[in-house]
Structure formats: C-alpha cells, structure tokens
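K.L.:
Can you keep this structure in mind? I'll have questions shortly.
The values are calculated or read from the model by the stated rules, or taken from the named source; none is laboratory data. Just so it is clear, the model here is predicted, and its values are computed rather than measured. Because the Cβ atoms are built from the backbone with ideal geometry, glycine has one as well, and the counts that use them run over all protein chains shown.
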Amino acid sequence: MSLSWIYPDDCIGLELDGEKPSLIYMDPPYGPKSEDTYYGVGEDSHGYLSYMHDRLAHMRDISGDSYNIVVHVDWKYVHNLKVMMDSIFGRENFKNDIVWCFSNPSTNEKWLPRKHQNLLWYGIGDNVFNPIRIPHKTKMNVGGKNAWSKEKIPWEQYEKKGKLLEDWWTDIPALCRNEPEKTGYATQKPLALMRRVISLWSNEGDTIIDPFMGSGSLLEAGVRMGRNVIGCDISPDAIETANKRIKKASRADIFAGEQQ
C-alpha cells in the first residue's frame, strides 16, 4: 500500500527527508489575480512570475539528480513559464509541450474558444519515461517506398499494437458538472488525465509530488496506482477534500487486496 503525506501550507516550505520524487506535477495558479479569477496570485505579471519562479526553484532544490517535472498551465503564461523553466531546469532537459485538448459549448464571439491547456515536461537525469500506446484512429499505408514503415506487415498487426502516444491529447475530456468524480473544486482535473501523467513518468512504488494539489486528483490516482504521494496546499478546503479522497482510495485498495 502506498504512503501518503499532505503538507498543509505553501509548497515553498516543503522539505523531503526520505526518497526523492520520480515525478513532480504542478497545476498552479494560471496568472495574477486580475487574470485568474479562481486562484490568481500577485497583483500583476511580475508578481505572478516571481511567485512561480520561487516555487519552481524550490522543487528543483528538494529533488534528486533524476526526476520529471510537469507544469500544467493555460495559454496566458505558458510562454513565460517555458523560458523560466529552461533557466531553472536546463533547456537541454525540455522534452515536450503537451497540448491537452477538450471541447464544450462556448458563447464567446470575440476570439476562437480557448479549449486546450499545456503540460510542460522536463526530464532531468535518468528520468522515468514509460511510453504509452493508444489505438490508431485511421488506417494508413504500411508498405511501399513512401510508407512510414518499409516492412510489409498486415495492417491488422499495427492496429492491434496501437500507436505511440503523441504530444497532443484529444481522448481525455474535461470533467462535466454532474460527473460522479466532481468534488465541487473549480479547476479539478479528470482522474483519467492524472492516471496518464502518473503512468508516463513514474513507476509503482515511486514518490510523486503535487505542490498545488487542489482537490487531490493526482493524489487519489497515485494511491490507487501504488505510488507514494505527497501533496501541498494552503487551502483548508483543499486539505479536507484531498484527505477524504486519499482515505477512500486507500480503503478501496485494502478491500481489493483482501479479496484477492
């Protein structure tokens, strides 16, 4: 059974005495108070970016020589944070700017509806990476001089194997208002998305950290997948919600083990 620990404060105070993380997943505020109506920090862009720099640098300082860090943001500051992370974690360690695409109704008529978010992934040292295969959506030419594969292999073999997951994700929808896993937390992410993040960048028994855990989606998924989870948040509501989810997930794992 995995071990869990919640630090009920700003992640800038988090220190690790034990095993270093395989994965740090951050879903931080997306801008200053004037631009992020849910959880904005700072009075302007400078204040927000200073806030983020301190916390990203702290995550680097408490980690070991090999780990992944994934920062989940939207369009507003992804370009600023990419440059910042190049400086903190090393531009040579940048792996992907992953685009998570989703769709739902919009009434905006001033610009195209903004229906994607970005996951900036940096892999430091001998970082864990577990490639995932997903189903092919269309058939393609699998033989001949202009094909992506020079081998003459029946399409059915490729179809069964699936294709490697790419850096744009369209197969995981955002949560809808009435879904059972909703906790009432405004920016809650789907468990399916958290499971993918965990599967890609950690192994069973590894330690994973969510410095802005919110409702605890990553922590719940991590417990269910056999990871050691550490979460941080300054919100008492977040602490209460995440604790409940972790305890429920832990009990579910215990019951499943007893039935085997």
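K.L.:
Would you pick out the residues in the range 20-65 that are closer than 19 Å to Ile234 by Cα, of a type in the set (Asp, Glu) and surrounded by 15 or more Cβ atoms within 10 Å (Cβ to Cβ)?
P.N.:
Scanning the range 20-65 gives Asp27, Asp36.
K.L.:
So is His58 within 25 Å of Gln188 (Cα to Cα), in a helix (DSSP H, G or I) and free of Cβ contacts under 8 Å to residues at least 24 places away in the same chain or not? Show your work before the answer.
P.N.:
Working: within 25 Å of Gln188 (Cα to Cα): yes; in a helix (DSSP H, G or I): yes; free of Cβ contacts under 8 Å to residues at least 24 places away in the same chain: no.
So His58 fails the test.
K.L.:
Given the structure, is His116 in contact with a Cys (Cβ under 6 Å, 6 or more places away or on another chain) and surrounded by fewer than 21 Cβ atoms within 10 Å (Cβ to Cβ)?
P.N.:
Working: in contact with a Cys (Cβ under 6 Å, 6 or more places away or on another chain): yes; surrounded by fewer than 21 Cβ atoms within 10 Å (Cβ to Cβ): yes.
Criteria met by His116.
K.L.:
Next up: (1) farther than 22 Å from Trp5 by Cα; (2) at pLDDT 95 or above: which one isn't true of Gly216, the others all being true?
P.N.:
(1)
K.L.:
Moving on to the next point. Could you please find all residues in the range 65-102 being touching a Gly at 6+ places or on another chain (Cβ under 8 Å) and closer than 29 Å to Ala192 by Cβ? Break it down stepwise before answering.
P.N.:
So in the range 65-102, the residues touching a Gly at 6+ places or on another chain (Cβ under 8 Å) come out as 65-68, 76-77, 93, 95.
Ser66, Tyr67, Asn68, Lys76, Tyr77, Asn93, Lys95, listed by residue number.
K.L.:
Taking the criterion of being more than 27 Å from Val229 (Cα to Cα) and assigned to a helix (DSSP H, G or I), would at least one residue in the range 30-45 satisfy it?
P.N.:
yes
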